[in-house]
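Below is one structure, written out as structure tokens, with a few remarks after it.
Every read-out reported here was derived from the displayed coordinates using simple, explicitly stated rules and does not represent laboratory data. Every value quoted in this text rests on a predicted model; they were computed, and no experiment measured them. Cβ coordinates were reconstructed from backbone atoms using ideal geometry, including for glycine residues, and neighbour counts include every protein chain displayed.
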Amino acid sequence: MRRNILNSLLFLALVSLTMACKVKKKIVVVPPVTGVAPVDTEKVETLKMLAEKDISYTTLSLRGKAKLDINGNANNVSMNIRIRKDEGIWVSIGGPMGIEVGRALITPDSIKVLNKWQGVYLGKPFSYVHRFTNPQVTYKLLQAILSGNTIPEFMDTDANVTSKNGVWEISGEQADLAYLALFNTLFKVSEYQLNDLKSAKALKVVYGDYQNMNGTLFPTTIQINSMAGTQKIALNIDFSKVESNLPVDFPFNVPGKYEVIN
């Protein structure tokens, strides 16, 4: 049980999160697919055009609610995530009555998870996440997934860049990781598919309901489905508050009574 809860907290910290009261969002409607392919430009220009639709930020503060399903056991949770670009991702997970049950801090070099439910703490190098994911998963990849941006490692001229049904697709392989990025008619990422070619590990991320944030579009809903062997995790997040370029802190203290685990 302890390991299952810890793994759940770790997965949430790695892939996406948030918390707060529901507020009305001003949604930007995605135009329907016309079936007419975008203008066929050089690959490098297409990659540049799609990357230019990424949100630009120094910090992000995201709050929302989520439904988490682990192997058929579903729970509603609240989440709060803060990001300093290329420096760190801080996550707080709330359970019933808004009581915090877990906290995590991820940097390019390390990952720390505080399980308040059971009074245990885990501190590991970032490479620890590869127990649950493909070795090609990096800090910047996780950061891009959380922000709905293009993944830098995939925006390369070695990738396959094609237009299908009026929208762009980027696909390819890096070592033993196969990837597919689908874009909508707003030229924003609408879906990621990542598959480990050597093991039964897969991740699918679907974005929806965009809102304008400082002149760029941010997805306010994210659906994540992960499979690693027999473990299946589904996470549906509905962001209620999205803010950028504000001061953020990463409070993370380990009480002396907490048990340190491996």
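Do any of 53/201; 112/257; 53/112; 140/198; 164/188; 48/188 go past 20 Å between their Cα atoms, and which? It would help to have the intermediate numbers written out before the result.
Working: 53/201 29 Å; 112/257 16 Å; 53/112 32 Å; 140/198 23 Å; 164/188 15 Å; 48/188 13 Å.
Result: 53/201; 53/112; 140/198 exceed 20 Å.
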request  = Evaluate the relative contact order of the range 167-220 (contact order divided by residue number), counting alpha-carbon pairs under 8 angstrom at least 6 apart; express in whole percent.
outcome  = 23 percent
key: For peptides 140-153, 203-216, sequence by mean Cβ density within 10 Å, most packed first   = 140-153, 203-216
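Let a ≥ b ≥ c be the square roots of the eigenvalues of the Cα gyration tensor of the chain; is it rounded (a/c under 1.5), or, if not, prolate (a/b larger than b/c) or oblate? It would help to have the intermediate numbers written out before the result.
Values: a/c = 1.86, a/b = 1.48, b/c = 1.26.
Prolate, because a/c is 1.5 or more and a/b exceeds b/c.
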note = Straight-line reach check, residue 67, cutoff 18 Å on alpha carbons, 8 or more apart in-chain or any other chain, hits among aspartates and glutamates -> 100, 209, 238
query = Dipole magnitude of the chain about its Cα centre, charges +1 at Lys/Arg Cβ and -1 at Asp/Glu Cβ only, in debye to the nearest 20?
reply = 1160 debye
ask   = Based on DSSP H runs of at least 4 residues, each adding -39500 (n - 2.57), what is the mean residue ellipticity at 222 nm of the chain after dividing by all its residues, to the nearest 500 deg cm²/dmol?
value = -3500 deg cm²/dmol
inquiry  = Under the 0.36 nm per residue contour assumption, what length would be gained going from the current alpha-carbon distance of residue 75 and residue 53 to full extension?
reply    = 4.5 nm
ask   = Residue by residue, what Karplus-based ³J(HN,Hα) values in Hz, rounded to whole numbers, does the range 123-135 have, using 6.51, -1.76 and 1.60 with θ = phi - 60° and x for Gly and Pro?
value = x, 9, x, 4, 4, 4, 5, 6, 5, 10, 9, 5, x
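With an 8 Å cut-off on Cα pairs and a minimum separation of 6 or more residues, tell me the relative contact order of the range 115-195 in percent. Before the final figure, lay out each step's value.
Details: 91 pairs, mean separation 14.3, N = 81.
Rounded, it is 18 percent for the range 115-195.
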task = For the range 126-262, just say rounded, prolate or oblate: build the C-alpha gyration tensor, square-root its eigenvalues into a ≥ b ≥ c, call rounded for a/c under 1.5, and beyond that prolate if a/b exceeds b/c, oblate if not.
result = oblate
